[in-house]
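Asker: Quick one: the structure is below, questions incoming.
The values are calculated or read from the model by the stated rules, or taken from the named source; none is laboratory data. Keep in mind it's a predicted model, so treat the numbers as computed, not measured. Cβ coordinates were reconstructed from backbone atoms using ideal geometry, including for glycine residues, and neighbour counts include every protein chain displayed. Surface accessibility is based on the protein's heavy atoms, side chains included, excluding ligands, DNA and RNA. Shrake-Rupley method; radii C 1.70, N 1.55, O 1.52, S 1.80 Å.
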Amino acid sequence: MKSLSFLLLLLTSLFGNEKLFVVERENSSLAVIKNGMLNDRIDNMHNMNHATVKFEGVDGYAITRDGYVIKFDPEKNIKLAEYQVAHSSIGFVVEPHYVAVANYDTKTVEILDRNLKPLQTIQTDSKNVGIKTYKDKMIFALMDKDELWVFQDTTHGKTIPSFSLTKKFEAVGEIPFDAMIKSNLYIVGFFNSPWIGVVNLDTMSYKKVPIHKEENKPVLKVPHFGFWSIGEHTIFIPSVGESAIMAFDNDFNFLSRIPTEGLPVFTSLSPDKKWLAVTFSGKDFPIVQIIDTKTFTIVKTLKFEGNVLHVRWSEVDPQLFVSVNTADEIQILDTLTWEKRGSVPVKRPSGIFLYQTSKERK
């Protein structure tokens, strides 16, 4: 018994108290990892291919490929509610009084309350992506119209929202596909235009930031921007159709083109902003590269026995969690040595999402 207690204590010290929710994309479920071990599973989560999870306070939310928004309890690992907003959803935001979902096939943006009761439908006649919020504003991109729409909450975030259209930016670039937000700056990428678009949500102005590409390869998997590409002084953006990460300063002055092993999909910044982990598509699926964010150089190339779909840095320990989909496991790397520390069996894992337990919140 003493040896078992010591082992559990050691595992807790090694893996901390973080709770991970991992999308099992072919199993209609979320795997729950705690203390470096498979702890639980939330089943009956619909089509989890490309599913995304967010947390707001002590509530968890997921959107599924088949257009369901699911609210769950991340403390008890149980579903609480679900509502289908479309047959295909691509992104969402969670705010204190509402959930907003950008949809593909219904060509709408749907506003729900925090218990998933419908509040408002915004008709766009376009596939919608890159939905973000800033103060009392909501912004998203229209793929089929090459536009950006900005809405404002007339209650200014004080109650259940009521959104009205404030601004349309037209002809922003060909086929917007994803976006990130840095304070008041909304940053959007395009498939067929050699620039990124930047909206200043305070001045409501738009500018194009040129990207001078050296390659133009067929895109096998859409690059993802996400808030984790934004450092304190540097913004990292996966280039579309070429094997490179672009680095800009906060004023969008070009800093560096960082050549990579293949076409980048995800870039994930470490909590101390020292390292950037990059995943790839196609023949380079099994590879993760680590970039030094000060020198803009590749410091480590890691190859796995299976396709890597996602990575996530621990916020409490020097660890990197790697979702090795075709090996049915989450690998845990020591970021001091880049050696494998352990693994957790998970069925066809993809997205990894961190949750701070209520004990850790106090």
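Asker: If I filter segment 334-353 for residues that are without any contact (Cβ under 8 Å) to a residue 60 or more places away in the chain and under 23 Å from residue 219 (Cα atoms), do I get at least one hit? Write out each step before concluding.
Answerer: Going residue by residue through segment 334-353, those that are without any contact (Cβ under 8 Å) to a residue 60 or more places away in the chain are 334, 336-340, 343.
In the following step, the residues that additionally are under 23 Å from residue 219 (Cα atoms) were identified as none.
The answer is no; no qualifying residue exists.
Asker: With segment 288-362 as the region, which strands (runs of 3 or more DSSP E) entirely inside it contain at least 2 residues that are surrounded by fewer than 16 Cβ atoms within 10 Å (Cβ to Cβ) and of a type outside the set (S, T, N, Q)?
Answerer: On the way: elements: 297-303, 308-313, 319-324, 329-334, 339-345, 349-355.
It comes to 297-303, 339-345.
Asker: Which one is surrounded by the fewest Cβ atoms within 10 Å (Cβ to Cβ) among residues in segment 254-287 that are of a type in the set (Gly, Ala, Ser) and touching a strand residue (DSSP E or B) at 6+ places or on another chain (Cβ under 8 Å)? Explain how you work it out, then say what you get.
Answerer: Residues of segment 254-287 that are of a type in the set (Gly, Ala, Ser), as a first pass: 256, 262, 268, 270, 277, 281-282.
Then keep just the ones that are touching a strand residue (DSSP E or B) at 6+ places or on another chain (Cβ under 8 Å); that gives 256, 262, 268, 270, 277, 281.
Values: 256: 16, 262: 19, 268: 22, 270: 19, 277: 25, 281: 18.
Out of the qualifying residues, it is 256.
Asker: Something else about it: Against the condition over 29 Å from residue 352 (Cβ atoms), open to solvent by 20 Å² or more (accessible area, probe 1.4 Å) and modelled with pLDDT of 95 or more, how does residue 200 come out, does it pass?
Answerer: On the way: over 29 Å from residue 352 (Cβ atoms): yes; open to solvent by 20 Å² or more (accessible area, probe 1.4 Å): yes; modelled with pLDDT of 95 or more: yes.
Yes.
Asker: Next question. Which of the following residues is within 23 Å of the chain's Cα centre (by Cα), under 25 Å from residue 151 (Cα atoms) and aliphatic (A, V, I, L, M): 211, 196?
Answerer: Details: 211 fails: under 25 Å from residue 151 (Cα atoms).
Criteria check complete, one pass: 196.
Asker: While we're here: Quick check: is even one residue across segment 210-222 at pLDDT below 95 and touching a Lys or Arg at 6+ places or on another chain (Cβ under 6 Å)?
Answerer: No, that holds for no residue.
Asker: Please go through (1) part of a strand (DSSP E or B); (2) surrounded by fewer than 18 Cβ atoms within 10 Å (Cβ to Cβ) for residue 138 and return the number of the only condition it doesn't satisfy.
Answerer: That leaves (2) as the condition not met.
Asker: Here's something else I'd like to know. Mind listing just one residue for me: the one in segment 113-135 that is in contact with a Leu (Cβ under 9 Å, 6 or more places away or on another chain) and part of a loop (DSSP other than H, G, I, E, B) and, of those, surrounded by the fewest Cβ atoms within 10 Å (Cβ to Cβ)?
Answerer: The qualifying residue surrounded by the fewest Cβ atoms within 10 Å (Cβ to Cβ) is 125.
Asker: Report, by residue number, each residue of segment 1-35 that is among the small types (Gly, Ala, Ser) and either modelled with pLDDT under 90 or on the phi < 0 side of the Ramachandran plot (or both).
Answerer: Of segment 1-35, the ones among the small types (Gly, Ala, Ser) are 3, 5, 13, 16, 28-29, 31.
Passing the criteria: 3, 5, 13, 16, 29, 31.
Asker: What's the number of the only condition in (1) modelled with pLDDT of 95 or more; (2) touching a Leu at 6+ places or on another chain (Cβ under 8 Å); (3) closer than 23 Å to residue 325 by Cβ that residue 83 fails to meet?
Answerer: For residue 83, the failing item is (3).
Asker: Moving to a separate point now. Of the conditions (1) within 17 Å of the chain's Cα centre (by Cα); (2) among the β-branched types (Val, Ile, Thr); (3) open to solvent by 70 Å² or more (accessible area, probe 1.4 Å), residue 187 satisfies every one except a single condition; which number is it?
Answerer: In the conditions (1) within 17 Å of the chain's Cα centre (by Cα); (2) among the β-branched types (Val, Ile, Thr); (3) open to solvent by 70 Å² or more (accessible area, probe 1.4 Å), residue 187 misses (3) alone.
Asker: Looking only at residues in segment 36-74 that are outside any strand (DSSP E or B) and polar (S, T, N, Q), which one is modelled with the lowest pLDDT? Give the steps one after another, and end with the answer.
Answerer: Filtering segment 36-74 down to residues outside any strand (DSSP E or B) leaves 36, 43-51, 57-58, 64-67, 74.
From the residues that got through so far, the ones that are polar (S, T, N, Q) too are 44, 47, 49, 64.
Numbers: 44: 96, 47: 94, 49: 89, 64: 95.
Here the answer is 49.
Asker: On to the next question. Looking only at segment 80-112, filter to residues that are farther than 15 Å from residue 54 by Cα and assigned to a loop (DSSP other than H, G, I, E, B); which one of those is most open to solvent (accessible area, probe 1.4 Å)?
Answerer: Here the residue is 87.
This table checks each residue for (1) open to solvent by 30 Å² or more (accessible area, probe 1.4 Å); (2) among the aromatic types (Phe, Trp, Tyr); (3) within 16 Å of residue 345 (Cβ to Cβ).
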residue: 28; (1), (2), (3): yes, no, no
residue: 32; (1), (2), (3): no, no, yes
residue: 42; (1), (2), (3): no, no, no
residue: 47; (1), (2), (3): yes, no, no
residue: 51; (1), (2), (3): no, no, no
residue: 60; (1), (2), (3): no, no, no
residue: 68; (1), (2), (3): yes, yes, no
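Asker: Any residue in segment 147-168 that's touching a residue at least 60 places away in the same chain (Cβ under 8 Å) and within 18 Å of residue 114 (Cα to Cα): show its pairings with residues that are exposed (fewer than 15 other Cβ atoms within 10 Å of the Cβ) and β-branched (Val, Ile, Thr) at Cβ separation under 6 Å, as long as the two are six or more apart or on different chains.
Answerer: Close Cβ pairs (under 6 Å, with a partner that is exposed (fewer than 15 other Cβ atoms within 10 Å of the Cβ) and β-branched (Val, Ile, Thr)) amount to 161/155.
Asker: Can you tell me which condition residue 243 does not meet? The list is (1) open to solvent by less than 50 Å² (accessible area, probe 1.4 Å); (2) under 18 Å from residue 208 (Cα atoms), and all the others hold.
Answerer: Unmet for residue 243, out of (1) open to solvent by less than 50 Å² (accessible area, probe 1.4 Å); (2) under 18 Å from residue 208 (Cα atoms): (2).
Asker: Kindly indicate whether any position in segment 225-236 is closer than 21 Å to residue 311 by Cβ and open to solvent by 60 Å² or more (accessible area, probe 1.4 Å). Walk me through how you get there before you give the answer.
Answerer: Residues of segment 225-236 that are closer than 21 Å to residue 311 by Cβ, as a first pass: 225-232, 234-236.
Narrowing further to those that are open to solvent by 60 Å² or more (accessible area, probe 1.4 Å): 227, 232.
Within segment 225-236 (the criterion being closer than 21 Å to residue 311 by Cβ and open to solvent by 60 Å² or more (accessible area, probe 1.4 Å)), the answer is yes, since at least one residue qualifies.
Asker: Among residues belonging to segment 247-292 that are without any contact (Cβ under 8 Å) to a residue 60 or more places away in the chain and among the polar types (S, T, N, Q), point out the one that is nearest to residue 233 (Cα to Cα).
Answerer: First, the residues of segment 247-292 that are without any contact (Cβ under 8 Å) to a residue 60 or more places away in the chain: 247-249, 251-269, 271-274, 276-280, 283-292.
Cutting the leftovers down to among the polar types (S, T, N, Q) gives us 253, 256, 260, 267-268, 279, 289.
Details: 253: 11, 256: 13, 260: 21, 267: 16, 268: 15, 279: 22, 289: 21 Å.
My answer is 253.
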